[in-house]
Amino acid sequence: MSTPASAVPGASAAPENSAGSTANTGASSAVEQRLAELGLTLPDVAAPVAAYVPAVISGNHVYTSGQLPFINGRLEATGKVSAGTEGTSDEPTVSPELAKDYAAVCAVNALAAVKSVIGDLDRITRIIKVVGFVASDPSFTGQPGVINGASELLGKVLGDAGQHARSAVGVSVLPLDSPVEVELIAEFA
């Protein structure tokens with residue numbers, strides 16, 4: 001696996017996509033300013049890789065589709081998350097630390113999906129639920145630590161409104177061989 005240091009949080013996580021996203025239009029919200037303080041840029045919404053939309057509104061909730069850690073329109077890493085000593089295949093592996101960083105990228109991408117349907121991230125009153133999937137080597141059991149990357153990022157940019165219920169699930173494979181995927185439910189006013 002080759003992952004440039006600039007490809008993880010602390011650098012811009014901005015997939016390039018002109019699929020009608022409004023993620024980078026309009027005045028910057030307080031949430032986007034907090035992202036900028038962390039060295040992150042709210043990206044355009046990543047184009048769906050199948051038959052779905054990035055986010056939908058139901059009542060006063062936004063449900064995002066699963067977000068992959070696209071950075072500048074591509075996955076910087078693929079493969080299973082492994083602590084390094086386990087794993088018997090020749091498949092690429094991703095360290096838990098890097099996977100945690102990629103989970104944060106997924107959260108930023110999910111915020112872009114939320115913004116695409118509500119227009120302003122300052123309308124978020126609470127992140128209700130985060131579901132994180134970790135493509136795991138069979139003996140890897142650190143999924144909660146990996147998905148902490150998304151949870152911690154949401155707490156940093158949304159404060160108390162970023163505290164949420166959560167599931168962290170180990171799976172055998174994710175779309176495009178991504179190491180992580182994150183979806184969320186956000187309440188808004």
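The values are calculated or read from the model by the stated rules, or taken from the named source; none is laboratory data. Since the model is a prediction, treat every value here as computed from it, not as a measurement. Note that we place each Cβ from the backbone using ideal geometry, even for glycine, and neighbour counts take in every protein chain shown. When the accessible area is computed, the model is the full protein with side chains, heavy atoms only, and any ligands, DNA or RNA have been set aside. Shrake-Rupley method; radii C 1.70, N 1.55, O 1.52, S 1.80 Å.
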**Q.** Farthest positive-ward along segment 65-189 dipole, Cα basis, beta-carbon charges - from 186, 140, 154
**A.** 186
Q | Segment residue 173-residue 56, length gained on full extension (0.36 nm per residue, minus Cα span) | A | 39.6 nm
Q | Too-long pairs where the Cα-Cα distance tops 22 Å, listed order kept, from 100/156; 80/129; 80/156 | A | 80/129; 80/156
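Relative contact order (percent) for segment 88-172, with alpha-carbon contacts under 8 angstrom and 6 or more residues of separation?
Values: 106 pairs, mean separation 33.3, N = 85.
Relative CO of segment 88-172 lands at 39 percent.
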(Q) Give me, ordered by chain and number, the residues 5 or more places off residue 163 or on other chains with an amide H under 5 Å from its own placed amide H. (A) 127
(Q) Given a 1.4 angstrom probe, I'd like the percentage of the accessible area of segment 89-189 that is carbon and sulfur, rounded to a whole number. (A) 51
